[in-house]
Amino acid sequence: MAPPVLHLQHVHFRWPGGTRDLLHLPEFVLESGERVFLQGPSGSGKSTLLSLVGGILLAHSGSVEVLGQDLSLLSSSRRDAFRVAHLGFLFQLFNLLPYLSMTENVLLPLRFSRKRAERVGSSGTWIPEAERLLQALGLGEPLRNNRPVTELSVGQQQRVAAARALIGRPELIIADEPTSALDADAREDFLELLFRESGASGSALLFVSHDADLGLHFDRQLSLAELNHAASASGGPC
Amino acid sequence: MLRLIGKSLWNRRGTAMLTVFSIMVSVMLLLGVEQIRKSIRSSFASAVSGTDLIVGARGGSLQLLLYSVFRIGNAPNNLSWESYEAFRKDPRVRWTIPLSLGDSHRGFRVLGTTPEYFQHFRYGRRQRLRLAEGQVFRQAFDTVLGAEVARKLGYRLSEKIVIAHGTGSTSFLQHEDRPFTVVGILAPTGTPVDQTVHVSLEGIEAMHLDWESGVPPMEGEALSQDEVLRHNLEPEAITAFLVGLRSRIQAFQLQRDVNTYSEEPLSAILPGATLQELWELLRVAETGLRVISGFVVLAGLLGMLTALLAGLNERRREMAILRSVGAGPGTVSVLLIGEAGLLTLIGVASGTALLYAVLYAVRPLLSEQLGLFLPLEAPGALEGVLLSSVFCCGVLIGGLPAWRAYRQSLADGMIIRL
């Protein structure tokens with residue numbers, strides 16, 4: 001059986017020099033293709049958790065495995081390569097490089113990862129694939145008019161960022177509050193598109209937000225406060 | 001990667017252009033000092049060649065070189081025609097060229113000499129003087145103009161010119177009664193010869209005949225041109241003379257003989273050795289200029305450092321995005337070093353190009369106003385070293401923000417701090 005996309009076991013994390021664990025996660029599993037909603041207020045350690053999964057930070061103890069690979073066993077440059085090969089990231093705001101076109105922004109991961117690039121195909125197919133994703137995410141009009149990314153609405157920018165996270169079909173897409181800057185209608189639309197395209201590419205989705213209402217759309221809803229024993233034991237930091 | 005650097009820079013082109021501009025100006029200054037230094041040297045060094053000794057009245061050797069060859073300053077004293085004749089007939093001497101200075105024509109120095117001048121005088125790489133038009137002077141009231149004199153004053157052959165007493169450009173005492181006829185115009189040489197009006201020694205004598213201690217004769221008492229020519233026009237004194245020897249080995253010997261000449265206090269100099277003295281004298285100024293231009297380049301590069309460091313905070317987002325799509329912290333710092341390198345490269349290239357453009361543009365002005373002939377040489381080895389060390393310094397300076405960005409992106413990771 002294939003290993004889970006994400007498997008955290010007995011993870012402890014504290015900042016260097018810190019005396020208390022910021023995170024203590026006994027176990028967390030995310031299976032291939034699964035959509036999981038992780039709810040937590042800001043300051044609950046969400047960003048730290050995502051940095052651990054991305055291999056930017058290393059756990060103090062315990063193991064963080066992505067696709068069966070223990071990240072702590074990789075060198076930092078290998079972790080950088082591994083991250084872009086298997087994970088697509090989507091952030092709250094300002095996801096795009098303002099000096100690149102929409103298509104160029106979407107193609108960025110392919111320039112840094114051969115694995116992601118190979119999954120798309122030869123370099124001749126890159127631009128059609130990027131444009132296909134942008135079309136599918138409802139960006140046909142700005143694409144045709146070759147609009148600079150700085151002229152796009154926030155919702156459109158987030159959809160370009162989603163296309164970038166999706167290109168090359170990474171096994172896991174990590175979304176950190178991607179909808180918090182959108183209004184309610186745009187939020188629903190965005191989620192629907194994200195689900196459709198991540199489903200089409202077979203990517204699992206880890207969606208982090210403080211907004212519990214969004215959780216209803218997902219396969220599974222979790223609360224970081226419940227998962228994180230460090231926080232519950234000490235009454236939770238702020 | 002280069003495309004990414006380019007586009008990122010283009011996005012911040014306002015600041016980037018200012019940075020490039022400051023580097024450009026500083027590189028221009030650095031190279032300009034070097035160019036002007038070189039051309040001053042080569043222009044001095046090419047002014048006289050093939051002359052073994054220069055003899056003048058006793059005085060400083062530098063002074064003698066300056067007034068005899070470069071027409072700068074004045075002679076402290078004249079030397080007698082007898083002394084000149086004595087050395088001219090010396091068996092070691094192959095040729096001599098007498099020089100008589102002290103008059104001017106509309107700001108250009110007048111040189112009294114003999115036809116030997118056109119035969120033996122050499123400049124640059126032992127090149128001889130060439131006539132562009134006409135012929136050398138034959139008669140007392142003939143004159144041969146340097147290329148620049150003819151060009152600037154618009155003189156043509158057979159035109160009449162009047163020579164002023166003294167060397168000021170607006171002398172009150174003009175030798176109006178005895179005009180000279182232009183019989184020849186020399187081809188350009190890029191040396192002080194271009195700025196000189198050449199007449200025969202007889203011409204100089206004739207001009208001053210019946211003048212009493214530098215004052216012209218009363219009106220009506222002046223001799224007519226024909227009367228003047230009937231006089232014995234052998235000069236009593238000249239300012240200096242150039243000597244060519246049969247064998248260069250004898251130069252020191254003859255120099256000693258001149259310096260110990262019992263009839264009259266004289267000095268002889270070896271032009272090459274005296275030029276060296278001149279360089280020694282100028283070295284301090286040159287070094288000073290070089291140090292200053294070096295510091296200006298440093299200031300330009302520090303300006304770039306300031307701009308890069310100041311921009312770093314605003315670019316945290318950019319760095320974080322790049323990290324999230326797989327760029328390592330190393331890549332991020334390479335991006336910054338590349339940016340510094342690119343800025344410096346553009347600055348260096350445009351500075352060099354602009355300098356040559358400016359030099360090309362001011363060349364005629366310099367040669368007119370200062371008699372400085374800029375050869376506009378392609379950048380040599382020294383310039384290559386200077387330019388590449390500026391580039392290396394730029395890249396090195398880029399290392400500091402790159403290191404900061406490295407640390408920053410290690411700490412920030414993909415988290416975008418707003």
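The values are calculated or read from the model by the stated rules, or taken from the named source; none is laboratory data. This is a predicted model, so every value here is computed, not measured. In this analysis, Cβ positions are derived from the backbone assuming ideal geometry, glycine residues included, and neighbour counts consider all displayed protein chains.
Quick one: is residue B:16 outside any strand (DSSP E or B), more than 30 Å from residue A:111 (Cβ to Cβ) and in contact (Cβ under 8 Å) with a residue 24 or more places away in the chain?
Details: outside any strand (DSSP E or B): yes; more than 30 Å from residue A:111 (Cβ to Cβ): no; in contact (Cβ under 8 Å) with a residue 24 or more places away in the chain: yes.
The answer is no for residue B:16.
Only one of B:29, B:9, B:18, B:53 is surrounded by fewer than 16 Cβ atoms within 10 Å (Cβ to Cβ) and either away from every other protein chain (no Cβ under 14 Å) or in contact with a helix residue (DSSP H, G or I) (Cβ under 9 Å, 6 or more places away or on another chain) (or both); which?
On the way: B:29 fails: surrounded by fewer than 16 Cβ atoms within 10 Å (Cβ to Cβ); B:9 fails: surrounded by fewer than 16 Cβ atoms within 10 Å (Cβ to Cβ); B:53 fails: surrounded by fewer than 16 Cβ atoms within 10 Å (Cβ to Cβ).
Exactly one of B:29, B:9, B:18, B:53 is surrounded by fewer than 16 Cβ atoms within 10 Å (Cβ to Cβ) and either away from every other protein chain (no Cβ under 14 Å) or in contact with a helix residue (DSSP H, G or I) (Cβ under 9 Å, 6 or more places away or on another chain) (or both), namely B:18.
Can you tell me how many residues in the range A:112-136 are surrounded by fewer than 18 Cβ atoms within 10 Å (Cβ to Cβ) and either assigned to a helix (DSSP H, G or I) or within 14 Å of chain B (Cβ to nearest Cβ) (or both)?
Number satisfying all stated conditions: 12.
Taking residue A:95 and the conditions (1) on the phi < 0 side of the Ramachandran plot; (2) touching a Leu at 6+ places or on another chain (Cβ under 9 Å); (3) at pLDDT below 85; (4) surrounded by 20 or more Cβ atoms within 10 Å (Cβ to Cβ), which numbered condition does it fall short on, given that it satisfies the others?
(2)
Could you look through the range A:157-172, keep only residues that are part of a loop (DSSP other than H, G, I, E, B) and within 15 Å of residue A:108 (Cβ to Cβ), and pick out the one that is modelled with the lowest pLDDT? Talk me through it step by step, then tell me what you get.
Restricting attention to the range A:157-172, the residues satisfying the condition of being part of a loop (DSSP other than H, G, I, E, B) are A:167-171.
Then keep just the ones that are within 15 Å of residue A:108 (Cβ to Cβ); that gives A:167-168, A:170.
Numbers: A:167: 89, A:168: 86, A:170: 89.
Checked the range A:157-172; the qualifying residue modelled with the lowest pLDDT is A:168.
Which residues, counting only those in the range A:69-80, are crowded, with 19+ Cβ neighbours inside 10 Å and within 10 Å of chain B (Cβ to nearest Cβ)?
If the condition is that a residue be crowded, with 19+ Cβ neighbours inside 10 Å and within 10 Å of chain B (Cβ to nearest Cβ), then A:79, A:80 are the ones that fit.
Check off (1) in a helix (DSSP H, G or I); (2) at pLDDT below 85; (3) surrounded by fewer than 20 Cβ atoms within 10 Å (Cβ to Cβ) for residue A:104 and give me the number that stays unchecked.
(2)
Filter the range A:10-21 for residues that are touching a strand residue (DSSP E or B) at 6+ places or on another chain (Cβ under 7 Å) and surrounded by 15 or more Cβ atoms within 10 Å (Cβ to Cβ) and give the result. Steps first, please.
So in the range A:10-21, the residues touching a strand residue (DSSP E or B) at 6+ places or on another chain (Cβ under 7 Å) come out as A:10-13, A:21.
Listed by number, the residues that qualify are A:11, A:12, A:13, A:21.
Determine whether residue B:45 is touching a residue at least 24 places away in the same chain (Cβ under 8 Å), out of contact with any Lys or Arg (no Cβ under 8 Å at 6 or more places or on another chain) and crowded, with 18+ Cβ neighbours inside 10 Å. Give the steps one after another, and end with the answer.
Numbers: touching a residue at least 24 places away in the same chain (Cβ under 8 Å): yes; out of contact with any Lys or Arg (no Cβ under 8 Å at 6 or more places or on another chain): yes; crowded, with 18+ Cβ neighbours inside 10 Å: no.
No, not satisfied.
Would a scan of the range B:320-330 turn up a residue that is touching an Asp or Glu at 6+ places or on another chain (Cβ under 6 Å), within 14 Å of chain A (Cβ to nearest Cβ) and in contact (Cβ under 8 Å) with a residue 40 or more places away in the chain?
yes
Given the structure, is residue A:133 hydrophobic (A, V, I, L, M, F, W, C), over 27 Å from residue A:44 (Cα atoms) and free of Cβ contacts under 8 Å to residues at least 60 places away in the same chain? Give the steps one after another, and end with the answer.
On the way: hydrophobic (A, V, I, L, M, F, W, C): yes; over 27 Å from residue A:44 (Cα atoms): yes; free of Cβ contacts under 8 Å to residues at least 60 places away in the same chain: no.
When the stated conditions are applied, residue A:133 does not pass them.
Pull up the range B:283-319, narrow it to residues that are among the polar types (S, T, N, Q) and without any contact (Cβ under 8 Å) to a residue 60 or more places away in the chain, then point me to the one that is nearest to residue B:340 (Cα to Cα). Before you say what the answer is, go through the steps one by one.
Step one: filter the range B:283-319 for residues among the polar types (S, T, N, Q), giving B:287, B:293, B:306, B:313.
The next check asks that each one be without any contact (Cβ under 8 Å) to a residue 60 or more places away in the chain; those that pass are B:287, B:306, B:313.
Working: B:287: 29, B:306: 11, B:313: 16 Å.
The selected residue is B:306.
Residues that are under 33 Å from the mean Cα position of the chain (by Cα) and hydroxyl-bearing (Ser, Thr, Tyr): does the range B:1-18 have at least one? Quick ask: steps written out before the conclusion?
Taking the range B:1-18 first, the residues under 33 Å from the mean Cα position of the chain (by Cα) are B:18.
Checking the rest, the ones that are also hydroxyl-bearing (Ser, Thr, Tyr) come to none.
No, because not a single residue in the range B:1-18 is under 33 Å from the mean Cα position of the chain (by Cα) and hydroxyl-bearing (Ser, Thr, Tyr).
Given the criteria among the hydroxyl-bearing types (Ser, Thr, Tyr), more than 30 Å from residue B:101 (Cβ to Cβ) and touching a Gly at 6+ places or on another chain (Cβ under 9 Å), does residue B:51 qualify? Give the derivation first.
Values: among the hydroxyl-bearing types (Ser, Thr, Tyr): yes; more than 30 Å from residue B:101 (Cβ to Cβ): no; touching a Gly at 6+ places or on another chain (Cβ under 9 Å): yes.
Here the answer is no, as residue B:51 does not meet what is asked.
Which residues, counting only those in the range B:62-85, are out of contact with any Asp or Glu (no Cβ under 7 Å at 6 or more places or on another chain), surrounded by 15 or more Cβ atoms within 10 Å (Cβ to Cβ) and either polar (S, T, N, Q) or outside any loop (DSSP other than H, G, I, E, B) (or both)?
Within the range B:62-85, B:63, B:64, B:65, B:66, B:67, B:68, B:69, B:78, B:84 qualify.
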